[in-house]
Structure formats: C-alpha cells, structure tokens
Amino acid sequence: MSAERPIRIGVAKCGNIGSSVLLDILLDERAEREDIVVRVVGSGPKLTPEEAREVVSKLLEFKPDLVLFASPNAALPGPTAGRELLAEAGVPTIIITDGPGRKAVKDIEAKGMGYIIVPADSMIGARREFLDPTEMAIYNADLIKVLACTGVYHAIVRAIDKAIEDLKAGRQPELPKLI
C-alpha cells in the first residue's frame with residue numbers, strides 16, 4: 001500500500017448501538033485528516049442477514065483498506081452474514097459490538113478479525129408499545145455522553161488509529177481484541 005494515498009476506511013452500520021452513532025465522525029470530525037477517507041453504509045435499525053449482506057456488498061464497492069463493522073449483538077444471524085462476506089473479501093475488519101456480541105468472539109477470531117466489545121453499550125430495551133421516540137432519543141443522547149465521559153470513544157479511536165498507522169506503514173494491521 002502506498003503511503004501517498006489515503007487509507008480507505010469503510011464503516012458498516014448494521015442496526016444501532018451508541019458506539020456506532022459517531023464512529024465515522026470520531027475519526028475525522030472536521031474533515032481535516034488527509035491520511036484517511038471514510039465511507040459509511042448503514043442498514044438503519046434493521047439487522048437481518050439480507051440487510052447485512054446488502055450493507056457489506058455496497059461498502060466493498062468502495063474498496064476499503066479497513067472495515068469497521070458496528071452492530072448490536074454480533075452473534076445474531078445478520079451480523080454473522082456480514083462477517084462471512086467480509087471474511088471472503090479478505091479485508092482487515094474490526095467488529096464493534098455490545099455485551100451480547102461476546103458470543104461471537106470465537107468466530108470473529110477464527111476469521112482473523114479484530115473486535116471491540118463495549119458491554120455498557122446497551123439498547124434501551126423497552127417494549128415497542130412503550131417506546132416513545134422522545135424517550136429513546138434522550139436515552140441514546142445520555143448513552144453517548146456516558147461513552148464519551150468514561151473514555152470508551154477514546155479507546156475505540158486509539159485502537160482504530162493503531163490499525164490505520166500499521167496500514168500507512170505498509171504493515172498488516174494489528175487488529176484489536178478489546179473488551
């Protein structure tokens with residue numbers, strides 16, 4: 001990989017967790033970094049196998065050097081289908097997920113991928129009939145504040161930046177195994 005061209009980072013958002021909301025912005029909020037180019041493809045709130053495959057297929061058109069795949073519970077069929085496609089493509093990948101995603105660690109490692117598991121990155125968990133959009137927005141805003149104040153976002157960016165630096169140096173990236 002040439003050090004002259006920016007590292008292409010693809011962000012796949014399959015469903016939603018607090019760690020994924022600002023993931024691309026955390027890397028280059030002011031669009032001033034010349035060493036990276038970031039593209040995001042998302043499925044919205046759904047994370048079925050079909051949506052995950054569509055998101056990953058579209059993201060692979062970008063020809064990323066590194067993929068960040070963020071989803072709730074990486075062990076579910078949708079995120080698993082996304083990992084399958086990414087493994088076939090052979091793109092260095094970091095899975096970012098919540099506590100239930102721990103069940104996928106063996107599969108993630110077997111595919112040579114890295115992971116960042118944020119146990120405190122919980123979904124609101126209210127029953128649909130009781131989930132008010134305002135309540136959900138306030139909850140997620142508070143979750144983002146907690147992830148920022150406790151250093152979770154900083155740890156995520158540090159791990160991703162390490163992989164970016166490896167790629168810039170022409171090395172195979174050291175992918176995180178971080179809980």
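The values are calculated or read from the model by the stated rules, or taken from the named source; none is laboratory data. Note that the structure is a prediction, hence the values are computed from the model and not measured. Virtual Cβ from ideal backbone geometry, glycine too; neighbours counted across all protein chains shown. SASA here: full protein model, heavy atoms, side chains in, ligands and nucleic acids out. Shrake-Rupley method; radii C 1.70, N 1.55, O 1.52, S 1.80 Å.
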**Fill in**
Picking from Glu54, Glu88, Glu34, Glu61, the residue that is over 23 Å from Pro173 (Cα atoms) and of a type in the set (Asp, Glu) would be Glu54
**Complete:** Out of (1) open to solvent by 60 Å² or more (accessible area, probe 1.4 Å); (2) within 24 Å of Leu143 (Cα to Cα); (3) part of a loop (DSSP other than H, G, I, E, B), the one Gly44 does not meet is (1)
**Prompt:** Here are some residues: Asp98, Asp132. Which one is of a type in the set (Asp, Glu) and under 17 Å from Leu23 (Cα atoms)?
**Reply:** Asp98
**Request:** Only residues in the range 63-75 that are over 13 Å from Ile36 (Cα atoms) and in contact (Cβ under 8 Å) with a residue 40 or more places away in the chain count as the first member; pair them with residues that are β-branched (Val, Ile, Thr) and open to solvent by 10 Å² or more (accessible area, probe 1.4 Å), Cβ under 8 angstrom, at least 6 apart or cross-chain, and list the lot.
**Result:** Ala74/Thr80
**Request:** Return yes when Leu167 is buried (at least 16 other Cβ atoms within 10 Å of the Cβ), in a helix (DSSP H, G or I) and in contact with a helix residue (DSSP H, G or I) (Cβ under 6 Å, 6 or more places away or on another chain) and no when it is not.
**Result:** no
**Prompt:** In this structure, does Ser57 turn out to be among the hydroxyl-bearing types (Ser, Thr, Tyr), closer than 25 Å to Ala155 by Cβ and not in a loop (DSSP other than H, G, I, E, B)?
**Reply:** no
